[in-house]
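Accompanying notes for the structure given below.
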Amino acid sequence: MKQKHSLHGRRLGASKGGIYTATAPLEAFLGLVQISSGGPLVVLYATRALPDKGKFRATLCLLWTTLNTIIIAGYLIEGSLTLPVAKTTAMLVPFVVAGIIAGEHIHDKVDARHFSIIVFSMLFATGIVMVLFAR
């Protein structure tokens, strides 16, 4: 029987120890939506549906926060969020905060057309990196 794999190399619906968790299928689906193909599609749709860049940013922030909260809860339940991972995450928090502050500062200075160019350029660059460094 062929096993299905999640983005993290584990069997779909199973934790590291092989014990099935209730959130694993949801986590896999949301991970696919956010990372593999859904993220760019959501951004493309939101660009058309939400031409105001403030509403665009607010909507995507809420979407990614919700999805990531569910995914992190899945990691906690299955035990893959370990102390070393938490330490690395804690070391990166200041950079996230700096990015948020810089984004808030720059947001008001960039017009909508340039904002769209920046968003699509970042999506393109991310796609290139994913293709070049795929495992």
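Points to keep in mind about this one:
- Scanning the range 63-94 for residues that are at pLDDT below 90, within 21 Å of Gly39 (Cβ to Cβ) and surrounded by fewer than 12 Cβ atoms within 10 Å (Cβ to Cβ) yields Thr65, Thr66, Thr69.
- Sole exception among (1) assigned to a helix (DSSP H, G or I); (2) out of contact with any Pro (no Cβ under 6 Å at 6 or more places or on another chain) for Leu123, by number: (2)
- For beta carbons closer than 9 Å, sequence separation of 6+ or different chains, a first residue in the range 58-86 that is part of a helix (DSSP H, G or I) and of a type in the set (A, V, I, L, M, F, W, C) and a second that is surrounded by fewer than 11 Cβ atoms within 10 Å (Cβ to Cβ) and at pLDDT below 85, the qualifying pairs are Ile77/Ala22.
- Boolean, Ser121 is among the polar types (S, T, N, Q) and in contact with a helix residue (DSSP H, G or I) (Cβ under 7 Å, 6 or more places away or on another chain): no
- Scan of the range 95-134 for residues that are closer than 25 Å to Ala49 by Cα and either loosely packed, with under 10 Cβ neighbours inside 10 Å or of a type in the set (Ser, Thr, Tyr) (or both), ordered by number: His105, Asp108, Lys109, Asp111, Arg113, Ser116, Ser121, Thr126
The values are calculated or read from the model by the stated rules, or taken from the named source; none is laboratory data. Source: prediction; values computed, not measured. Note: ideal-geometry Cβ built from the backbone for every residue, glycine included; neighbour counts use all protein chains shown.
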